[in-house]
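Okay, structure first, notes after.
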Ligand code: SF4
Ligand code: MG
């Protein structure tokens, strides 16, 4: 089966000459039709930039290398006109803060209708409004006939994010990219939004990329997870394999910092130290200054992504994280 999205050797460079920095330093990712891929990492890991580049939405000053294929069609180097036709109609993206993306002076219905008519200029206003009502219902907004006539400020944060999702899927894209879609919301609303996204996948067969800094958010929704650090994928695999059979100290650290409902935790274990900045990425394995397993080799030699057990991982000492019981061994004690 042809992948929906195939990113190969993607590089995104900002700045020129000595001041240049790779925000994305060689990333390979695929999304199959109808699949949910979670991309997890701290800020600055390159997760958002990777998907912005895939959508052709990085600033003009950014240099893009490598390949992004959507249903086999190369997007890197495609003129903006072609990209605009694909964006919105075949792949769409939603962001963390729906308020900044919504127009405060237009009703929600008018904005959904506008999204529809952008790619279907022949659609009448009346038909677009009727479809807008259906789309609000699709994302489980109650009383959609009444809600289409309201303005963004009359919507709660969670309802606004639902409206953004309705706009994003208005033209039945094959792929929806959601960048921290629940970060600004409280925990209950977060869960509801994830439910809406899961339903879309089930009802529309849409492929989803969920970008998040919180591994816990994607646990119940993703088929596969890619963990990013320092502009690279450092580990990837099926969701259960990443959760229970991770071979990367960074992933183990992220796992240890997820609050668990069923365990009374004395203390959560955040990973000490800060993630590397774009301009001062450490040599060798970029995680070495924070890694409890680091040895001399780690600061000079960058590990390759390789299959270890059930996952693909990028650590010289991945074998040391072997755990036949399938439980999580945390090297952070
Ligand atoms: Fe840690 Fe070294 Fe593995 Fe990097 S390669 S994650 S520094 S042990
Ligand atoms: Mg981001």
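The values are calculated or read from the model by the stated rules, or taken from the named source; none is laboratory data. Just so we're clear, the structure is a prediction, and the values are computed from it rather than from any experiment. FYI the Cβ positions are ideal-geometry reconstructions off the backbone, even for glycines, and counts take in every protein chain you see.
Points to keep in mind about this one:
- Condition check for residue 40: more than 30 Å from residue 189 (Cα to Cα) and within 13 Å of ligand 2 (Cβ to nearest atom): no
- Of all residues making up region 95-124, the number that are away from ligand 2 (no atom under 16 Å from the Cβ) and either in contact with a strand residue (DSSP E or B) (Cβ under 7 Å, 6 or more places away or on another chain) or closer than 26 Å to residue 82 by Cα (or both): 17
- Tally, over region 179-228, of residues that are at pLDDT 95 or above and within 13 Å of ligand 2 (Cβ to nearest atom): 4
- Residues of region 184-220 classified as assigned to a loop (DSSP other than H, G, I, E, B) and more than 11 Å from residue 158 (Cα to Cα), total: 6
- Test: residue in region 230-248 that is in a helix (DSSP H, G or I), in contact (Cβ under 8 Å) with a residue 40 or more places away in the chain, more than 30 Å from residue 319 (Cβ to Cβ) and out of contact with any strand residue (DSSP E or B) (no Cβ under 6 Å at 6 or more places or on another chain): no
- Within region 265-285, the set of residues being in contact with a strand residue (DSSP E or B) (Cβ under 6 Å, 6 or more places away or on another chain) and modelled with pLDDT of 90 or more is empty.
- Within region 286-325, the set of residues being part of a loop (DSSP other than H, G, I, E, B), in contact (Cβ under 8 Å) with a residue 60 or more places away in the chain and touching a helix residue (DSSP H, G or I) at 6+ places or on another chain (Cβ under 7 Å) comprises 310, 315.
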